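Quick notes on the structure that follows.
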Amino acid sequence: MNEGLKKELTLLDVFCIATGAMISSGLFILPGLAFAKAGPAVILSYLIAGIFCLPTLLSMAELTTAMPKAGGDYFYIMRGFGPLLGTIAGFSTWFSLSLKAAFALIGVGAYVSLVTDIPINVIALVCCLVFVLLNLIGVKEAGRFQVFLVIGLLGILLVYALWGIKEINPVNYSPFFSKGFEGVLITASFVFISYGGLTTVAALAEETRNPGRNLPLGMLLALIVTSIFYALVIYVTIGVSSPERLKVTLTPISDGAGAFGGEFFKVVVSIGAFLAFISTANSGIMTASRYPLGMSRDKLLPAAFQKISPRFKTPYVAVLFTGLFILLAVLFLRLELLVKVASSILILLYIFANLSLILFRESKIISYRPKFRAPFYPYLQVLGILGGLFLLIEMGSFVVFLTTIFIALGVIWFKIYGQKRSRQDSALIHLLEELVSKDRELISDNLLTELRDIVVERDGLIKDRFYTLVENSKVLDIEGPVKMEDFFHEVSDILGEELDISPREIFEKFVEREKESSTALGKGLAIPHIIIEGGDSDTMLLVRAKAGVIFPRDEVVHIIFILLGFPGERILHLKLLAAIAETIQDPEFHQRWSRAKNIEELKNIVLLTERKGATK
């Protein structure tokens with residue numbers, strides 16, 4: 001049931017999905033409502049909201065490149081804080097993205113109603129059904145459709161800005177802070193949902209090619225381009241529009257186009273708005289549906305949400321469920337309240353994204369290996385957390401109250417359904433174990449293994465005979481110093497019991513091998529390897545000797561790969577030795593080996609080291 005999703009999204013797709021999700025309601029509906037709250041300084045409100053997004057963007061980029069899985073921010077919050085907060089995050093992001101898609105559909109209806117008598121809700125419902133169908137067919141098709149929409153949209157907006165800037169009336173910008181600077185900050189929290197496209201991309205990480213490059217680059221480019229277009233287009237709109245009309249209109253950009261370009265250009269910009277809302281609705285359904293999928297994989301929702309279409313490779317149950325919720329939102333939710341609640345939830349999730357990055361960094365989990373690392377850690381993350389809290393407070397007590405109710409509903413669902421089904425391991429528990437416990441009773445190795453498997457899949461690491469051998473090997477972590485003979489006695493007993501071969505025979509082979517030539521290779525490394533009768537498959541034992549194993553000539557060894565081969569597989573035995581040699585050439589191997597906290601991390605260090613050749 002847990003089938004894989006196809007990796008079909010390119011850098012251009014990532015950029016267009018994020019950009020299309022941001023440039024829609026945030027530009028074609030909200031400027032009028034926001035202008036009523038902040039006056040001409042609403043331009044700064046949009047820029048401030050974008051700046052507040054930057055720390056979170058960098059944190060999300062790191063986390064999603066480390067864990068490029070369906071569900072995006074839900075996935076890493078779940079792995080960071082455990083299933084309770086994971087449940088809240090999953091429902092919250094799904095709810096926020098779905099509301100944003102519903103808002104976009106209402107925008108589609110508002111702009112189409114300018115040229116038709118069809119009611120707004122009817123238009124929105126028809127469009128919703130079309131996008132659900134498109135997302136059922138495939139993410140590649142939905143992504144390509146998104147590219148077409150966004151390129152057309154940006155072209156129209158560029159013409160609007162370049163033409164309109166010549167027609168602005170400077171009087172419209174005075175007084176610039178007509179509602180005071182506090183109004184600017186309050187409005188920044190109101191329009192924060194305009195940048196929700198960053199979250200949408202994280203949800204599609206599992207379906208993105210080369211996520212280590214394409215996700216952070218696509219997200220950063222989308223934020224920069226979107227912020228520039230917001231500032232330019234809103235600046236022109238204020239300059240060419242009647243302030244009194246701008247405060248009440250739900251079609252501010254089209255009205256601005258009509259003011260300096262006549263009816264024809266108003267229709268052209270309305271087409272651009274239509275493209276923008278379509279792109280947001282399409283990306284909203286595309287990405288929101290991945291959250292029920294991710295939650296179902298973690299047993300926080302019924303297993304039916306994991307179902308993948310055999311033909312189209314899309315999560316069809318999750319898509320249909322999300323589409324139904326958006327239809328209901330279009331019919332029954334108030335527009336401004338919808339925006340405020342979705343924005344407050346989004347701000348909360350951005351706070352948790354920054355907290356999650358701090359948690360993963362400080363837990364020092366060896367298999368947490370992002371392809372992109374956020375700069376200026378932890379100062380940028382702290383700034384993102386404080387900025388998010390500030391914006392959340394500015395939302396007002398009623399919106400915060402509604403958000404709290406929504407969170408409480410998530411807690412209730414977890415207590416009723418998820419608590420007895422979902423796994424408990426998290427980076428938070430690993431960090432607590434690191435700080436207060438020495439006996440590892442608090443944690444299992446589930447998270448370490450899961451993150452390791454994600455890295456293997458992400459980087460296309462070779463799962464060959466060497467990988468399997470290491471994965472199934474035993475690991476010894478020896479504290480005190482020990483002489484070579486005593487060490488060989490200990491490992492011979494372990495291997496003899498495992499392979500049902502005389503420990504004495506194994507011991508004598510090791511001693512004989514050392515007499516021929518020492519397997520201690522310098523730099524604290526030894527690879528004792530022997531060929532022995534009585535088995536049919538190679539066996540490996542990994543050893544870390546913290547104080548060292550003392551080999552001949554007083555050579556102290558801390559890293560030991562023990563390999564037992566059998567006569568029928570001598571060539572494989574040589575290939576395995578070559579794989580070991582390649583593994584230990586990694587410049588960070590020795591440092592990671594000495595810092596590993598437990599035997600599972602020791603094993604993961606070997607498994608996650610990139611190698612060029614396969615041992616079959």
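All of the numbers you see were taken from the coordinates with simple rules; none came from a lab. Since this is a predicted model, take the numbers as computed values, not measurements. Counting neighbours? That spans all protein chains shown, and the Cβs are built from the backbone with ideal geometry, glycine included.
Is region 113-263 rounded, prolate or oblate when judged by the Cα gyration tensor, a ≥ b ≥ c being the square roots of its eigenvalues, rounded requiring a/c under 1.5 and prolate requiring a/b larger than b/c? Don't jump to the answer; show the numbers that get you there.
Numbers: a/c = 1.97, a/b = 1.46, b/c = 1.36.
Judged from the Cα gyration tensor, region 113-263 comes out prolate (a/c at least 1.5, a/b above b/c).
Just rank Ser397, Ser283, fewest to most, by other beta-carbon atoms within 10 angstrom. Mind dumping the intermediate values first?
Numbers: Ser397 8, Ser283 36.
Fewest to most other Cβ atoms nearby, the residues stand as Ser397, Ser283.
For region 214-225, in order, what is each residue's ³J(HN,Hα) by Karplus, 6.51 cos²θ - 1.76 cosθ + 1.60 with θ = phi - 60°, in whole Hz (x at glycine and Pro)?
5, 5, x, 5, x, 5, 5, 4, 5, 5, 5, 5
Provide the packing ranking of 367-373, 18-24, i.e. peptides ordered by the mean count of other C-beta atoms within 10 Å per residue, highest first. Provide the component values of the computation, followed by the final result.
Numbers: 367-373: 19.9, 18-24: 31.7.
Answer by packing, highest mean first, reads 18-24, 367-373.
Among Leu44, Leu157, rank each residue by its count of other Cβ atoms within 10 Å, from fewest to most, as a rough exposure measure.
Final ranking by Cβ density, sparse to dense: Leu44, Leu157.
Going through the cross-link list Lys299/Lys474; Lys515/Lys603; Lys299/Lys597; Lys364/Lys474; Lys299/Lys415, which pairs have a Cα-Cα distance over 21 Å in this structure? Each step should come with its number before you reach the end.
Values: Lys299/Lys474 31 Å; Lys515/Lys603 29 Å; Lys299/Lys597 29 Å; Lys364/Lys474 23 Å; Lys299/Lys415 13 Å.
Violating the 21 Å limit, Cα to Cα: Lys299/Lys474; Lys515/Lys603; Lys299/Lys597; Lys364/Lys474.
Quick one: Karplus J couplings for region 93-108, per residue in order, coefficients 6.51, -1.76, 1.60, θ = phi - 60°, nearest Hz, x for Gly and Pro?
Those phi angles translate into 5, 4, 5, 5, 5, 5, 5, 5, 5, 5, 4, 5, 5, 5, x, 4 Hz.
Excluding residues fewer than 8 places away in the same chain, name every one of the aspartates and glutamates whose C-alpha is closer than 13 Å to that of Lys266.
Candidates past the 8-residue exclusion: Asp255.
At 7 Å along the Cα-to-beta-carbon direction for both Ala408 and Ser309, put a label point, then send me their distance in nm to one decimal.
Between Ala408 and Ser309, the label points sit 4.0 nm apart.
When we measure straight from the Cα of Lys612, which aspartates and glutamates land under 13 angstrom away, once same-chain ones fewer than 8 places off are left out?
List returned: Asp459, Asp464, Glu582, Asp586.
Rounded, prolate or oblate: which one fits region 307-383, using the alpha carbon gyration tensor with axes a ≥ b ≥ c (rounded when a/c is under 1.5, else prolate when a/b beats b/c, else oblate)? Intermediate results must be reported in sequence, preceding the final value.
Working: a/c = 4.01, a/b = 1.44, b/c = 2.78.
Oblate.
Roughly how many debye, to the nearest 20, is the charge dipole of region 461-607 about its Cα centre, given +1 on each Lys and Arg Cβ, -1 on each Asp and Glu Cβ, and no other charges?
My answer is approximately 540 debye.
What FRET efficiency would be calculated for the residue pair Phe390, Val267, taking the C-beta separation as r and a Förster radius of 51 Å, to the nearest 0.05?
On the way: r = 41 Å, r/R0 = 0.80.
After rounding to 0.05, the efficiency reads 0.80.
Enumerate the amide H contacts of Leu476 below 5 Å, restricted to partners 5 or more residues apart or on another chain; note that Pro and chain-start residues carry no placed amide H.
Excluding prolines and chain starts, which carry no amide H, the hits are Leu542, Val543, Arg544.
Measure up Lys179/Lys340; Lys7/Lys307; Lys7/Lys575 against 22 Å on the Cα-Cα distance and list the ones that go over. Intermediate results must be reported in sequence, preceding the final value.
Working: Lys179/Lys340 19 Å; Lys7/Lys307 17 Å; Lys7/Lys575 32 Å.
Flagged as over cut-off: Lys7/Lys575.
Which ³J(HN,Hα) values, rounded to whole Hz and listed in residue order, are derived for region 298-312 from phi using the Karplus coefficients 6.51, -1.76 and 1.60 in 6.51 cos²θ - 1.76 cosθ + 1.60 with θ = phi - 60°, glycine and proline given as x?
So the J values, rounded to whole Hz, are 8, 6, 9, 9, x, 4, 4, 6, 7, 4, 10, 4, x, 7, 9.
Please say if region 242-343 is rounded, prolate or oblate, where rounded means a/c under 1.5 for a ≥ b ≥ c the square roots of the C-alpha gyration tensor eigenvalues, and otherwise the choice is prolate for a/b larger than b/c and oblate otherwise?
Prolate shape, in that a/c is at least 1.5 and a/b is the bigger ratio.
Fewest Cβ neighbours within 10 Å first, please rank Ser92, Ser502, Ser227 accordingly.
Starting with the residue having the fewest Cβ neighbours, the order is Ser502, Ser227, Ser92.
Between the DSSP loop rule and a limit of at most 16 other Cβ atoms within 10 Å, which trypsin sites (Lys or Arg not before Pro) in region 454-551 are left?
Hits after loop and neighbour filter: Lys463, Lys523.
Under a plain spin-label model, where a point goes 7 Å from the Cα along Cα-to-Cβ, how far apart in nm are Asn169 and Asn598?
Once both label points are built, they end up 7.0 nm from each other.
Taking GluC sites (Glu not before Pro) that fall in a DSSP loop and have at most 14 other Cβ atoms within 10 Å as cut points, what is the longest piece of the chain between them?
Result for the longest clean stretch: 168-440.
Report the extension gain between Lys463 and Ser242 in nm, rounded to one decimal, defined as 0.36 nm multiplied by the number of residues separating them, less their alpha carbon distance.
In short, 73.0 nm is gained.
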